[in-house]
Amino acid sequence: MRAGFPDFRLGNVLATSFTGTLSERHGDAVERIPTPHRLVDWLAVNGLAVDSCTTAQLDLARELRESIHAAATAAAIQDALPASAVQVINDCSAQGRAAAILTPEGERRWRLSSASCVEDALSVIAADAISIIAGERDGKLALCASPTCQAAFFDTSQSRTRKWCDMNTCGNRQKKARFHANQRKNPRSAE
């Protein structure tokens, strides 16, 4: 990994992890793929290694990211999906040449075309987004309860009542804020 960039926020769902490459959308936004090389890093960490990335491909990736975020947010609040977002997701899904392969360990991996281009990797991400937004997978789309984040995430918890996109960041931050607010209200309880 290249030093000097914010850490990636990795989750179990490819499409919503991808939308997490821009975090704190309603606060001081943090861009986690600011350069083409950083997108190459993110794709490699997620099993979609590509040889290189151009600025135009980074722009396409960001357009897909924002389209997935818009569609997932609409689905989470049971609103109509934005037509422009649906179009971008569908276009990216259709333009790639990736194939699912089964490993000897029984896991699914993605094989990109021999050119290992970014568009192939984006097609995998778009297909993943389609499966969760269409409700084909066991889970539910939800929005992070953090007022500065509000990221769409895929809740696969048994009760489907998860509140945070990531407990280690948003959830922990909110719990600390509540704790400090309670300490200010009841200064004696700390003694």
Flagged in the stretch 123-149 as under 16 Å from Leu10 (Cα atoms) and not charged (D, E, K, R), in numbering order, are Ile125, Ala129, Cys144, Cys149
Log entry, pairs with first residue in the stretch 90-105 being without any contact (Cβ under 8 Å) to a residue 40 or more places away in the chain and open to solvent by 50 Å² or more (accessible area, probe 1.4 Å), second being among the polar types (S, T, N, Q) and not in a loop (DSSP other than H, G, I, E, B), beta carbons closer than 8 Å, six or more apart or on different chains, reads Ala94/Ser123; Gln95/Ser123; Arg97/Ser123
Checklist entry - Taking Ala83, is it open to solvent by less than 30 Å² (accessible area, probe 1.4 Å) and at pLDDT 95 or above? => result no
request  = Check the stretch 104-114 and report whether any residue there is at pLDDT below 95 and assigned to a helix (DSSP H, G or I).
outcome  = no
For the stretch 115-151, the count of residues that are in a loop (DSSP other than H, G, I, E, B), touching a Lys or Arg at 6+ places or on another chain (Cβ under 9 Å) and of a type in the set (A, V, I, L, M, F, W, C) equals 6
Inset, instruction - Kindly establish whether Asp79 is among the acidic types (Asp, Glu) and touching a residue at least 24 places away in the same chain (Cβ under 8 Å). - result: no
Of the candidates Thr35, Thr55, the one satisfying the condition of being surrounded by fewer than 16 Cβ atoms within 10 Å (Cβ to Cβ), free of Cβ contacts under 8 Å to residues at least 40 places away in the same chain and either in contact with a Leu (Cβ under 9 Å, 6 or more places away or on another chain) or within 21 Å of Thr156 (Cα to Cα) (or both) is Thr35
Across the stretch 129-142, the tally of residues that are over 16 Å from Phe18 (Cβ atoms) and open to solvent by 30 Å² or more (accessible area, probe 1.4 Å) stands at 5
- prompt: Within the stretch 62-74, is even one residue of a type in the set (A, V, I, L, M), more than 11 Å from Ala127 (Cα to Cα) and not in a helix (DSSP H, G or I)?
  reply: no
Given the criteria assigned to a loop (DSSP other than H, G, I, E, B) and either open to solvent by 60 Å² or more (accessible area, probe 1.4 Å) or out of contact with any helix residue (DSSP H, G or I) (no Cβ under 6 Å at 6 or more places or on another chain) (or both), does Gly11 qualify? no
Worksheet item: Is at least one residue of the stretch 64-71 hydrophobic (A, V, I, L, M, F, W, C), open to solvent by 70 Å² or more (accessible area, probe 1.4 Å) and over 21 Å from Ala98 (Cβ atoms)?
Response: no
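The values are calculated or read from the model by the stated rules, or taken from the named source; none is laboratory data. Note that the coordinates shown come from a computational prediction; the quantities given were computed from them, not determined experimentally. Heads up, the Cβs are rebuilt from the backbone with ideal geometry, glycines too, and the neighbour counts pull from every protein chain shown. Keep in mind that these areas ignore ligands, DNA and RNA; they rest on the heavy atoms of the full protein, side chains included. Shrake-Rupley method; radii C 1.70, N 1.55, O 1.52, S 1.80 Å.
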